[in-house]
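The structure under discussion appears below in the form of structure tokens.
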Amino acid sequence: MPLIVISGYPSSGKTYRASQLNTFFNEKIRNSSDPRIQRLKVHHINNQTLGLSRDVYHTARAEKDARAAESSAVKRFLTRDDIIIADGLNYIKGFRGRNGTTLTGPEVHVGTPADKCRAINNELLADSQKDGGYTEEDFENLVFRFEEPNGMTRWDSPLFTVLYDDETPPFEQIWDAMVGSDGKAKVVRPNQATVLKPATEQNYLYELDKTTSDILTQIMSWQKDHPGEGGGEVAIPDVDKVIELPASPTTLPQLQRLRRAFISLNRQHSLSKSRIKDLFVDYLNDSFQQ
Ligand SMILES: Nc1ncnc2c1ncn2[C@@H]1O[C@H](COP(=O)(O)OP(=O)(O)OP(=O)(O)O)[C@@H](O)[C@H]1O
């Protein structure tokens, strides 16, 4: 059965998404009347379930041992009735190649931008009650080494991207990519059109997320420099129109709501980066005037 690889920056929410998938798969299995589906077992494997500390990334030797531990854990579940969710140590393409096995399966890329991951990581480090967070050096090193997945390649396909603000990963699509109606693992060949789509989709969603997020940062920083002032115009580099702020200062939650609505409206399209900027500025101006 398939191996689902969860990829993403450190502290990006890989375990959070893997747990959601774990719950969803178990529900799907419990509710199925097909004995071939009912037989399936889900295994969630990561550093924590293997009892490995995040410090393993500090030295090459410890990291190599950790990788071997994960690889052998995966290989323990190579029967056709096992679904494996691997959510650790996916920083290197070679390793994402299904952990040296012949298994196929979808890759779920947690597309949280590096700045957001850094903020989450710092919060985790500051909160001794919570498990998580890498030292600053390890965090930056892992971000630097991370290789963006590319759905055109065999080892990263089929690829599904989940953004921080998405409530859940695309459950049904992932299930469908993984388990056919006959309960057997589906093999999706990388040259199929279905695979080409997620590749552009993942880059596009990333651009949509990042570009709109950057514009919010520019608005918030403008408001910080002009405290107590309502209105005002914010110029965004490479965009002809300016953002005309409303009479009373906007808050980050208000802006985030608008950004999420804009992303939902445009996630099915494929706009160029400059077009995203232009359209988002228009969208904000329209919303502020209402
Ligand atoms: N989309 C999200 N919505 C709300 N909280 C989130 C989201 N993604 C992550 N978090 C929170 O951020 C923190 C870090 O997430 P998580 O542990 O899943 O990251 P990770 O990528 O698995 O980290 P690591 O690199 O250490 O394995 C957790 O407290 C988690 O609950």
Which numbered condition Gln223 misses (of (1) assigned to a helix (DSSP H, G or I); (2) open to solvent by less than 40 Å² (accessible area, probe 1.4 Å); (3) under 13 Å from Phe280 (Cα atoms)): (3)
Does Lys14 satisfy the condition of being among the charged types (D, E, K, R), more than 8 Å from the ligand (Cβ to nearest atom) and assigned by TED's automatic domain parsing to the domain that holds Leu159? no
Hits in the range 200-220 (condition: at pLDDT 90 or above and either β-branched (Val, Ile, Thr) or more than 28 Å from Met152 (Cα to Cα) (or both)): Thr211, Thr212, Ile215, Leu216, Thr217, Gln218, Ile219, Met220
Contact list please: Cβ distance under 8 Å, first residue in the range 27-42 and within 14 Å of Trp175 (Cα to Cα), second residue open to solvent by 90 Å² or more (accessible area, probe 1.4 Å), pairs at least six apart or on different chains. Ile29/Gln38; Ser32/Gln38
Restricting to the range 17-56, name every residue that is open to solvent by 20 Å² or more (accessible area, probe 1.4 Å) and within 8 Å of the ligand (Cβ to nearest atom). Ser19, Gln48, Arg54
Please verify whether the range 261-271 includes one or more residues that are in a helix (DSSP H, G or I), touching a residue at least 60 places away in the same chain (Cβ under 8 Å), under 24 Å from the mean Cα position of the chain (by Cα) and surrounded by 13 or more Cβ atoms within 10 Å (Cβ to Cβ). yes
Quick check on my filter: what residues within the range 46-90 are out of contact with any Leu (no Cβ under 7 Å at 6 or more places or on another chain) and among the basic types (Lys, Arg)? Arg54, Arg61, Lys64, Lys75, Arg76, Arg80
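The values are calculated or read from the model by the stated rules, or taken from the named source; none is laboratory data. What you see is a predicted model; the values in this text were computed from it and never measured. Because the Cβ atoms are built from the backbone with ideal geometry, glycine has one as well, and the counts that use them run over all protein chains shown. Note: accessible area is taken over every heavy atom of the protein model, side chains too, but ligands, DNA and RNA are not part of it. Shrake-Rupley method; radii C 1.70, N 1.55, O 1.52, S 1.80 Å.
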